[in-house]
Structure formats: structure tokens, C-alpha cells
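S.K.: Just dropping this structure here.
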There are 2 protein chains.
Amino acid sequence: MSIFLKTIPVKEAIGIAAGIARPLPPEEVPLNEAVGRVLAGDVYPDLDIPGFDRSVVDGYAVVASDTAGAGEAIPSLLTLSATVRMGEGAGSEVRAGHCAYVPTGGAVPPGADAVVMVEDCEVIGDQVLVRRPVGSGENIVRRGEDFSRDRPALRAGRRLRPADCGVLAAIGCSVVPVFPMPRVGVISTGNELVDAREVPGEGRVRDSNGPMIAAYLRTCGCREKTYGIVPDDRGALALALRRALDENDAVLLSGGSSKDERDLTADLIAELGEVLVHGIAISPGKPTIIGRCGKKPVIGLPGHPASALVVLDTVARPLLRALCGEETRIRPMILAVLAENIPSARGREDYIRVRLDGGRAVPLFGKSGLLNTLAESDGMVRVPAGSEGLEAGTTVEVVLW
Amino acid sequence: MSIFLKTIPVKEAIGIAAGIARPLPPEEVPLNEAVGRVLAGDVYPDLDIPGFDRSVVDGYAVVASDTAGAGEAIPSLLTLSATVRMGEGAGSEVRAGHCAYVPTGGAVPPGADAVVMVEDCEVIGDQVLVRRPVGSGENIVRRGEDFSRDRPALRAGRRLRPADCGVLAAIGCSVVPVFPMPRVGVISTGNELVDAREVPGEGRVRDSNGPMIAAYLRTCGCREKTYGIVPDDRGALALALRRALDENDAVLLSGGSSKDERDLTADLIAELGEVLVHGIAISPGKPTIIGRCGKKPVIGLPGHPASALVVLDTVARPLLRALCGEETRIRPMILAVLAENIPSARGREDYIRVRLDGGRAVPLFGKSGLLNTLAESDGMVRVPAGSEGLEAGTTVEVVLW
């Protein structure tokens, strides 16, 4: 049975793709393995951070009102009554007319409500001349000002950045609840394909999509499991797909660039589950299949490398993010001025590879079967479905590969 | 000996940092481990890619001139004399008046110089009606058009993206020459610091910089080796630094936010090598130290978490990239409209944390000792040294963390 290829808009395809993926039940990892993982629950500090009033400068803890009116000409004169050491308690109270030396990060003694920087003071014996007034609270981080126990420091769904790992350490979260990295099977189909280690015979080419998709999965925080090259044979492909579904949380098939091959993939997905999308109004990448077998998403990617990459980055990515439990975040990109006109047909989204050259985005109009434009390009520019193209000189957003 | 803190411009500091790091001698990894690694040599295809004239559509290979003038009303009539199968040779010559069916990716037989898409043809028995003319070369990727043996497909210094892994597979590079991932030691100093697993006592805080720096190193393609928390003690710090230098290709120290601690770090680096920079005109992050012990770079990062992250991302990053052998590439960012004025002092570069809110960048003016602004922020905005600030409404570039 050949399933009719009926294209749907990109946005709809993304919605379907993201909607059929769920993260796995949470697991725990040590803090030093947490970067790049997705937080599976809100995390709260175990205590107020900082746990004491902390000085943010090297200086003298004072009663702020003692410094009112202090200046170069008429400094305030205070008695140095204590020195706070790093990592020790704040010591005894600072009373009016007195001060205590506090290093950066040190505890501000009770009684003091501000710290004057050493640069604004002069020490003569046990007397300190303060040459600048400070307001109450100045140069102090209050107890609980950074994080308090009743508010989550970080929320579920965040892919942890280095700074987040610093936050986790500060709040005592040394074992981190994260979503497991999903395992995704990769199957390359095509009678013409040989492995990268082989020299292709007549009419054959090396499989480039398999290694590209596997690498892409790694950069998305997934674990790839590759099933090599499967010939365009119903039995062989059914066997590989069943095994990949058994062993993974999702499966990406690639190849099937000719109509017969695409039909074979769609037929098999329909047999093992259901085909939800067969054709997207996107260029390159129209013959994309999205399906579900049991609860496991399956995507049939187009065979041309550029098409496969565009579909990976636009349609598969939201699915993979949902599978990771990652919530939508900002995607970094580069703004650049288009160097040439990009013609486009209304009714489909066009994704044009571009090379960045200073502030200019130079379109690379290579055939989507070519890999060299992928190697040369820095990313892609989207031409919306309602547009007939973009003019040279327009400022465009380039999503980097 | 206290080394005088003399600030230098950020650009100069970056030049020094990048100039003291060299990549390690190349190693080889299998293709499936190559993504994210840095290519250590130019790689050439072992043969022309594709190795044959390849059709990019499902269609009929023809002598293009046979289709001249073909249209809906008066189609060209050709005899179907062969069918090319995927992964097989191109078969016998297509002569004038004849055509051969070729699937997408299939080999175009000799004699034919174009392929007509099936959509433009009608088959009646062994006759094919062609309803659209094709030009010579149309729908064909020529042998060697993608990659030829005499030009490198990818050049040294590139951090390999997923598409590059596809290219490597296509050109038969299944074992990839890459620079080793540098090993970088991380030392946290400070009497006030305790590990994330401990409950801090009076005047103490958990070490957040150590885990943050270690995580940052991972995201930069380095291997981190942590040396835990070292007290502000000359002997203990000297021991830790010597050991870290022995066991790594570079060392990052953090902490030392008070002047005494900074001096200790600088003194030790001077004793084991040389201090090249002691103070950068950057805010936050001024008390940064860059040095070299033997041939190994050492950076003393400021103790405040926000300062440490800003210096990591502006000054340490170029050093780490040079250590990885990575050549300068475009850094993705987001353009946004500044939601509030940012005041700044001339003569230093200010890096302001911002939160992205739709198309707006909202400055977070928290003290650099706070971690919560790091968790809340999406990235930072740079205010150049020559500027007195940025006005609300200005379009700014946000570098994402």
C-alpha cells in the first residue's frame, strides 16, 4: 500500500513531533556529571544562601550612621576593635564609634550594617579614618539574599549550564535529579549505501546520513545506537526497525530518497503503529515521515544530506527536546545582511544554507544531494511559507548548525 | 612580595591568554567519536564524490537535446530501453531517441546528460512521453562535483559539527585526526569554602566556583581534573598548584577574592613561572591573573561567581580554544532591545548579565557575589571600554551562557 503524500505546514509538523515524545522517569547523577543534563525537578536550597551577612569587599564593618558626612577633609574616626577572618564567625558586636576589619566574603559582625572599602579608609594605629559615607546595607549581601529556602533555585526542564552547576553546589544539591538521556536508534536504508570504511563500487555511495544523524543526536543530549545500513528490502527493514524500537526510546530512519523506498518506510511504520505525517511543506525535506509505534516516536528522514539536516534541526529537534524533558529555550543565532536575493515559492517554508562572511549571509544554492554546501555553510536562513523570497540587503536570522 | 595590580585592556588580555596556549600532538579517533572534537589536519577525499554521475530525482535519463521544445501539447516520444537500480552500475549507453529509468541517487547511464522528473513524463508501454524540456546537466550531480581528491573537504582547526561527520563518512575518513582534549586542573582556594556535600558552618560558604568551572571546561571540550578546596595557606596552595601543573595542560585557580588571597596566588605563580597579567580593565572580573609555569598556562580567576564566569567566557575561553587547537569561529548570540539604561565607566569593559524576555534584554544589576542573577540570566551584554553606558531601546548583542 502506498500512503499518499499530503504535505502539512512546518508548524503543524513540529507540534505533532513534540507532542508524541515524553521524557523517561527521572534518575540521579552526581553534580560533576550534571552539566548538559536536563533537570527533572525543581530544586530548593537546603538553607538560606548566604547563611550570614557577607561582605562583598575588603573593608571595615561599621554602623552606617557613624559615617554620615564623612569626607576627605573631615573623616569619621572609628576605633578598630576586631578583625574577622575568612571562614570564621563574625565575632562580637560592632558598636557605634567602632569598626571591624572584614575581608571580601567574610562575615559582617552583628551591630554593623555596612562595610567601607579599604580604599576609602586610612588606618592609624587602632584608629580608622573613614573618608566616605556608606548607606545602610552597602557592600553587604544579606543572609538569604542570594537564595532562600522557600523558593526553587532552579526549575525542572532546564538544560544545566555551567553557572547552574555553581548554583547547585551553593545550595547543597550534590546529587542532581535529571531526566535520563534518551536512547535513539539510527537506521540507514538504501541498496546503494556502503559504510565509511568501504570503497564504494559502481553506483554506490558511502552512507553519510547515518554518521551525521548519530552525531546530531549526541549534540542534542541523546545516546545514539546505530543499526548500520539496511537494504531496501521489506523483511530486512522490518527486522531492523522492530529491533531498534525494542532497544530505544525513539528511532530515526534515513535514506529512502526515491519514492519506492519512502513508501516502504511509511508502509512499515503503518504496519507497526501509525503514520501521523507523510510530507511536510518544507524545502528541502518535503518527503518526511513522522509516526509512532507503540509509544515510541519514529521519524523517516529524507535521504539527501542537506534535507536530512534541515529536517533534523527543524522537526526532529523539538521531538528530541521533548524526549529529553527540556523546556523551550532561546535558540542562539546570528543576525546578518543577506548578500543575494533568495527566491522562494509561497506555501512552503524554505531553508537556505548560508555561509557567514563578516556581517553578510551568503546563500549557498547547492543541490540538496550535495554535502559540500553543508561543510561550507555556517547555518540556515528560514523563508516563511507566506513569503515569495527575501531580498538582498535584508537582515536575516541565521540559525547555526 | 605583593605584585602591583596594573589593569590592561580586555583585548590585550585575550591576546596574551590565547598566545600562551598550544594544542597537543594529534591523535586519532573513530568517526563515531569525532563530533565536538577539533580536526588536527586537513582531510582529503580518497576518491571523487560522487564517484559517478548521479540523478537527484526519480526520472528518466535522456539526451537533453531530444527534449527540446517538448511541452504538454507536443511531448517528446522516447523509447524506454533500460532501468537503473539503486546501488548498481549505470548499465548500457542511452542513445538519442531512448531513455532509461533512474531512481533518486541512481547512476546516470553514459550518453544521457539530463534526467526528466517522473512528474513530467507519462509511460505508455515501452514509450515515455516527455512533457517538459530539460537542459544539459539538469537533475544530475556530476562525478566529483561534491568533493574532488585535490581539495581538502575539511580543514584543520574546525570543531566538528554533525554535518562534518557526514562529510567525513562520505570521503572515507573513518579514523579522524583530532587534537587531544586538553586536561585542565581546577583548584578552589579559600578558608571559607566547604564542599557542596557539607553544611557550611559559621562564616563559611559552599564552593560554587569549582563545580561551575569544571562544568564550563566540559562544555569547551576540555577534560577537567578537580583538586578540591585548598586553604589560603602558602604551603598547601603551592603543593596543589605543583601537582595540578604536573598532571594537566593548564590550571585554573579560583577564589582569592580578598586582596591577601590574590597576592598569594600571584606570588606562587611568579615563583613557579611568570605572571603575565595581573588585573584586567573589565567589570566584573578586574582582579584576574594570567601566568605561565613552564609551558603551561595558569589563570587565577576572581572569587565572585559572576566575575569568575565573565572572565571564563571572555578571557579563559580564547585560551581554552587555543589549547584545543580550535580556530576562531562565529559565536552565536541573540539580538535584543535593551529594556533599561546601563551606566558604565569609561576605560573598562563592563559585562552586564541580562535576562531575555521576548525581544527585550533586561539587565540584572545584582552584586557579582550573587549566584541567583547567574541562574536567572540568559547571557551577558558587553559595554565597550570607550562607552559611558548603553541607553534603553538600543539593540544589543547578547552572548548566551
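The values are calculated or read from the model by the stated rules, or taken from the named source; none is laboratory data. Since this is a predicted model, take the numbers as computed values, not measurements. As a convention, Cβ positions derive from the backbone with ideal geometry for all residues, glycine included, and neighbour counts pool all protein chains shown.
S.K.: Just one of B:Pro182, B:Pro211, B:Pro231, B:Pro200 is over 30 Å from the mean Cα position of the chain (by Cα) and either facing chain A (nearest Cβ under 7 Å) or buried (at least 21 other Cβ atoms within 10 Å of the Cβ) (or both); which is it? Break it down into steps so the answer makes sense when it comes.
M.R.: On the way: B:Pro182 fails: over 30 Å from the mean Cα position of the chain (by Cα); B:Pro211 fails: over 30 Å from the mean Cα position of the chain (by Cα); B:Pro231 fails: either facing chain A (nearest Cβ under 7 Å) or buried (at least 21 other Cβ atoms within 10 Å of the Cβ) (or both).
Answer to the selection: B:Pro200.
S.K.: Which count do you get for residues in the range A:27-55 that are surrounded by fewer than 16 Cβ atoms within 10 Å (Cβ to Cβ) and over 24 Å from B:Asp207 (Cβ atoms)?
M.R.: Residues flagged as surrounded by fewer than 16 Cβ atoms within 10 Å (Cβ to Cβ) and over 24 Å from B:Asp207 (Cβ atoms) within the range A:27-55 amount to 1.
Okay, residues lined up against (1) assigned by TED's automatic domain parsing to the domain that holds A:Leu264; (2) not in a loop (DSSP other than H, G, I, E, B):
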residue: A:Gly137; (1), (2): no, no
residue: A:Ala163; (1), (2): no, yes
residue: A:Gly166; (1), (2): no, yes
residue: A:Ile187; (1), (2): yes, yes
residue: A:Asn191; (1), (2): yes, no
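S.K.: Oh, and also: Kindly evaluate B:Thr83 against the criterion of being of a type in the set (S, T, N, Q) and closer than 28 Å to A:Met212 by Cα.
M.R.: Numbers: of a type in the set (S, T, N, Q): yes; closer than 28 Å to A:Met212 by Cα: no.
The answer is no for B:Thr83.
S.K.: Still on this structure, I have one more. Can you name the residue in the range A:327-341 that is surrounded by fewer than 22 Cβ atoms within 10 Å (Cβ to Cβ) and modelled with pLDDT of 85 or more and, of all such residues, is nearest to A:Leu390 (Cα to Cα)?
M.R.: Among those residues, the one meeting the criterion is A:Asn341.
S.K.: Condition (residue is within 14 Å of chain B (Cβ to nearest Cβ) and either out of contact with any His (no Cβ under 8 Å at 6 or more places or on another chain) or of a type outside the set (D, E, K, R) (or both)) applied to the range A:340-350: is it met by at least one residue?
M.R.: If we filter the range A:340-350 for residues that are within 14 Å of chain B (Cβ to nearest Cβ), which is where we start, we get none.
Within the range A:340-350 (the criterion being within 14 Å of chain B (Cβ to nearest Cβ) and either out of contact with any His (no Cβ under 8 Å at 6 or more places or on another chain) or of a type outside the set (D, E, K, R) (or both)), the answer is no, since none of the residues qualifies.
S.K.: Scan the range A:273-330 for residues that are under 22 Å from A:Glu349 (Cα atoms), free of Cβ contacts under 8 Å to residues at least 60 places away in the same chain, out of contact with any helix residue (DSSP H, G or I) (no Cβ under 9 Å at 6 or more places or on another chain) and not hydrophobic (A, V, I, L, M, F, W, C) and report the count.
M.R.: Counting residues in the range A:273-330 that are under 22 Å from A:Glu349 (Cα atoms), free of Cβ contacts under 8 Å to residues at least 60 places away in the same chain, out of contact with any helix residue (DSSP H, G or I) (no Cβ under 9 Å at 6 or more places or on another chain) and not hydrophobic (A, V, I, L, M, F, W, C) gives 0.
S.K.: Please work out if A:Thr394 is over 27 Å from B:Glu145 (Cβ atoms) and modelled with pLDDT under 90. Give the derivation first.
M.R.: Working: over 27 Å from B:Glu145 (Cβ atoms): yes; modelled with pLDDT under 90: no.
Answer is no for this residue.
S.K.: Sort out which residues of the range A:342-355 are of a type outside the set (Lys, Arg) and surrounded by fewer than 16 Cβ atoms within 10 Å (Cβ to Cβ), and write them in order of number.
M.R.: If we filter the range A:342-355 for residues that are of a type outside the set (Lys, Arg), which is where we start, we get A:342-345, A:347, A:349-352, A:354.
The answer is A:Pro343, A:Ala345, A:Gly347.
S.K.: Answer with yes or no whether A:Gly358 is closer than 18 Å to B:Arg331 by Cα and either in contact (Cβ under 8 Å) with a residue 40 or more places away in the chain or surrounded by fewer than 18 Cβ atoms within 10 Å (Cβ to Cβ) (or both). Spell out the reasoning first.
M.R.: Values: closer than 18 Å to B:Arg331 by Cα: yes; either in contact (Cβ under 8 Å) with a residue 40 or more places away in the chain or surrounded by fewer than 18 Cβ atoms within 10 Å (Cβ to Cβ) (or both): yes.
Yes; evaluated as a whole, the condition is true for this residue.
S.K.: Among the residues of the range B:56-75, is any under 16 Å from A:Asn191 (Cβ atoms) and either surrounded by fewer than 22 Cβ atoms within 10 Å (Cβ to Cβ) or modelled with pLDDT under 95 (or both)?
M.R.: Just the residues of the range B:56-75 that are under 16 Å from A:Asn191 (Cβ atoms), to begin with: B:58.
Filter again for either surrounded by fewer than 22 Cβ atoms within 10 Å (Cβ to Cβ) or modelled with pLDDT under 95 (or both), leaving B:58.
Checking the range B:56-75: at least one residue is under 16 Å from A:Asn191 (Cβ atoms) and either surrounded by fewer than 22 Cβ atoms within 10 Å (Cβ to Cβ) or modelled with pLDDT under 95 (or both).
S.K.: Could you please find all residues in the range A:77-102 being buried (at least 22 other Cβ atoms within 10 Å of the Cβ) and in contact (Cβ under 8 Å) with a residue 40 or more places away in the chain?
M.R.: A:Leu78, A:Ala100, A:Val102
S.K.: Ok, one more. Are any residues in the range A:214-228 within 21 Å of B:Ile171 (Cβ to Cβ), more than 7 Å from every other protein chain (Cβ to nearest Cβ) and assigned to a helix (DSSP H, G or I), and if so, which ones?
M.R.: Matches in the range A:214-228: none.
S.K.: Which ones in the range B:88-110 are within 12 Å of chain A (Cβ to nearest Cβ), hydrophobic (A, V, I, L, M, F, W, C) and assigned to a loop (DSSP other than H, G, I, E, B)?
M.R.: B:Ala90, B:Val108
S.K.: Another question about this same structure. For residues that are under 20 Å from the mean Cα position of the chain (by Cα) and either farther than 26 Å from B:Leu217 by Cβ or of a type in the set (Lys, Arg) (or both), tally how many sit in the range B:1-56.
M.R.: 4
S.K.: Looking at the structure I just gave you, is B:Ala156 out of contact with any helix residue (DSSP H, G or I) (no Cβ under 6 Å at 6 or more places or on another chain), assigned to a loop (DSSP other than H, G, I, E, B), away from chain A (no Cβ under 13 Å) and surrounded by fewer than 22 Cβ atoms within 10 Å (Cβ to Cβ)?
M.R.: Considered against the rule, which asks whether it is out of contact with any helix residue (DSSP H, G or I) (no Cβ under 6 Å at 6 or more places or on another chain), assigned to a loop (DSSP other than H, G, I, E, B), away from chain A (no Cβ under 13 Å) and surrounded by fewer than 22 Cβ atoms within 10 Å (Cβ to Cβ), B:Ala156 comes out as yes.
S.K.: Continuing with the same structure: Checking the condition touching a Pro at 6+ places or on another chain (Cβ under 8 Å) and in a strand (DSSP E or B), which residue from A:Glu145, A:Glu122 passes? Spell out how you get there, then give the answer.
M.R.: Values: A:Glu145 fails: in a strand (DSSP E or B).
A:Glu122 is the lone residue from the list that is touching a Pro at 6+ places or on another chain (Cβ under 8 Å) and in a strand (DSSP E or B).
S.K.: Looking only at the range A:164-179, filter to residues that are β-branched (Val, Ile, Thr) and touching a Pro at 6+ places or on another chain (Cβ under 8 Å); which one of those is surrounded by the fewest Cβ atoms within 10 Å (Cβ to Cβ)? Spell out how you get there, then give the answer.
M.R.: Filtering the range A:164-179 down to residues β-branched (Val, Ile, Thr) leaves A:167, A:171, A:175-176, A:178.
Narrowing the set further to residues that are touching a Pro at 6+ places or on another chain (Cβ under 8 Å) leaves A:171, A:175-176, A:178.
Numbers: A:Ile171: 26, A:Val175: 13, A:Val176: 25, A:Val178: 23.
The residue in question is A:Val175.
S.K.: Here's something else I'd like to know. Assess whether B:Thr395 counts as being closer than 16 Å to B:Leu309 by Cα, within 11 Å of another protein chain (Cβ to nearest Cβ) and polar (S, T, N, Q). Break it down into steps so the answer makes sense when it comes.
M.R.: Details: closer than 16 Å to B:Leu309 by Cα: no; within 11 Å of another protein chain (Cβ to nearest Cβ): yes; polar (S, T, N, Q): yes.
The answer is no for B:Thr395.
S.K.: Next question. Looking only at the range A:247-286, count how many residues are of a type in the set (Asp, Glu) and within 28 Å of the chain's Cα centre (by Cα). Reasoning before the result, please.
M.R.: Looking only at the range A:247-286, we keep the residues that are of a type in the set (Asp, Glu), and these are A:247, A:249, A:260-261, A:263, A:267, A:271, A:274.
Filter once more, so that each one left must be within 28 Å of the chain's Cα centre (by Cα): A:247, A:249.
The qualifying residues number 2.
S.K.: Given the condition free of Cβ contacts under 8 Å to residues at least 60 places away in the same chain and either within 14 Å of another protein chain (Cβ to nearest Cβ) or outside any loop (DSSP other than H, G, I, E, B) (or both), answer yes or no: does some residue in the range A:43-61 qualify? So that I can check it myself, show each step before the final result.
M.R.: First, pick out the residues of the range A:43-61 that are free of Cβ contacts under 8 Å to residues at least 60 places away in the same chain: A:61.
Then keep just the ones that are either within 14 Å of another protein chain (Cβ to nearest Cβ) or outside any loop (DSSP other than H, G, I, E, B) (or both); that gives A:61.
Yes, the range A:43-61 contains at least one residue that is free of Cβ contacts under 8 Å to residues at least 60 places away in the same chain and either within 14 Å of another protein chain (Cβ to nearest Cβ) or outside any loop (DSSP other than H, G, I, E, B) (or both).
S.K.: Quickly run through the range A:214-228 and pick out the residues that are of a type in the set (Phe, Trp, Tyr) and either free of Cβ contacts under 8 Å to residues at least 12 places away in the same chain or crowded, with 24+ Cβ neighbours inside 10 Å (or both). Reasoning before the result, please.
M.R.: Residues of the range A:214-228 of a type in the set (Phe, Trp, Tyr): A:216, A:227.
Passing the criteria: only A:Tyr216.
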